[in-house]
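Engineer: Structure incoming, see below.
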Amino acid sequence: MVFSFLKGQFIDVIHWVDDTRDTMVWRFERYDHAIMYGAKLTVREGQAAVFVHEGQIADVFGPGLYQLETNNMPIMTALQHWDHGFKSPFKSEIYFVNTTRFTGQKWGTRNPLMLRDPEFGPLRLRAFGAYSLRVIDPAKFMQEIVGTDGEFTTEEITVHIRDVIVQEFTRAVASSGIPALDMAANLGDLSKLVKEAMEPSVSQYGLELPDFIIENISLPEAVEKVLDQRTSMGIVGDLSKYAQFSAAEAMSKAATTPGSGMGEAMGAGMGAAMGMAMGGAMAAGPWGARPAAAPAAAAPPPPPPVPETDWHIAEAGQSKGPFNTEGLKALMAEGRFGRTTQVWSPGMEGWKPAGEVPALSSLLSRLPPPPPPAS
């Protein structure tokens, strides 16, 4: 604020520069000085100047440069009973009103809202979002909200605006008929409904909400857990097939994990299968009632095949291989593999005759024993 003193005590220039970004109304302090007739009033873009004389709003000035005289202060002139050309100082309160948008205002529900959902029945919801605020009628805003407050900030009005938003949000959501699970896809439409419903309530205070956004609508934590379980059941699908799959997974894990207890793994798989079977029995109906025709349980899948072993043979002082079972059969047909052939495979400590390796006993059983000596 810039003061220019002419003729000693009279204020000549009146204006307001705001850098707080949250001040909506600021009163021009006179410090017991009367305003000089003919003083210059500067109202910048995004501002309005409201003159209050003896508790009554006299004149409202929009953006521009004014010289305070009788020709541009008709209401003040009538209140002061000035004759044309009267140039005496006058006393009046001057309020500067910020008419720009106040963005980034937050709103939210302090307590869950009870609504009747078309799918779940009675349901509690929480919501939050943001909006912008603007003064469109400075005189009405001064009359209804500000009064004689010398410095009015957004914090003093946002609590009331939030209550209005929550009230209209509840009405809009309840009358929209949109299921709770579909609200996330309709936040834009709900925002428009709430904004339109709020316009009559905020306009009576000389305000408007240029922007209104619903950022999120959430369910109570207990309801979200139930929905997660319901989603998991939908992904699982057929419970009997899932039980068979769990049992097969447990058996396969026990067979392929070194040092694991086969009984423990099978017990876990059987426990999962029994749990799913109990769930299917409960879903069948009250008192253990079963459907008339229940499908027969499918047989469990066969155990996984035993992996092939790689064998090396010693031939003419050199290691040959590796050979699988079919390769050893071919060498046997060529006469290059027998009970006395030195063999080795990963995991063995050293070379051994094939006849002393238990894993090859079934293969060597196909060889005839040594022929009897000639008579």
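What follows draws every value from the coordinates through simple rules; no lab data is involved. Because the structure is a prediction, the values reported are computed rather than measured. For neighbour counting, all protein chains shown are included, and Cβ atoms are generated from backbone atoms with ideal geometry for every residue, glycine included.
Engineer: Once you list every other residue whose beta carbon is under 9 Å from the beta carbon of Thr148, what net charge do they have if Lys and Arg are +1 and Asp and Glu are -1?
Structural biologist: The answer is -1.
Engineer: Moving on. Quick check on packing: order 222-231, 159-168 by the mean number of other C-beta atoms within 10 Å, highest mean leading.
Structural biologist: Per-residue Cβ counts within 10 Å, averaged per peptide and sorted highest first, yield 159-168, 222-231.
Engineer: Shifting gears a bit: Using only the alpha carbons of segment 170-227, determine the length spanned along each of the three principal axes and report them from longest to shortest in whole angstroms.
Structural biologist: Over segment 170-227, Cα extents along the principal axes are 46, 19, 16 Å.
Engineer: Could you calculate the contour length gain from Val223 to Leu364, that is, 0.36 nm times the residue separation minus the distance between their Cα atoms, to one decimal place in nm?
Structural biologist: The Val223-Leu364 span can extend by a further 44.1 nm.
Engineer: Give the Rg (one decimal place) followed by the Dmax (whole number) of segment 101-218, computed from C-alpha coordinates and expressed in Å.
Structural biologist: 15.3, 52
Engineer: On average, how much area does the Cα convex hull of segment 117-182 cover when viewed from any direction, in nm²?
Structural biologist: 6.0 nm²
Engineer: Quick check on the exposure proxy: order Leu133, Leu367 from fewest to most C-beta atoms within 10 angstrom.
Structural biologist: Lowest count first: Leu367, Leu133.
Engineer: Counting other Cβ atoms within 10 Å of each Cβ, which GluC sites (Glu not before Pro) in segment 328-375 have at most 13 and sit in a DSSP loop?
Structural biologist: Taking segment 328-375 and a limit of 13 other Cβ atoms within 10 Å, the loop GluC sites (Glu not before Pro) found are Glu334, Glu349.
Engineer: How far apart, in nm, are two points set 7 Å out from the Cα along the Cα-to-Cβ line at Thr103 and at Lys320?
Structural biologist: 8.4 nm
Engineer: Once you order the gyration tensor axes a ≥ b ≥ c over the Cα atoms, which shape class does segment 311-365 get: rounded for a/c under 1.5, otherwise prolate or oblate by comparing a/b with b/c?
Structural biologist: Rounded, because the longest to shortest axis ratio a/c is under 1.5.
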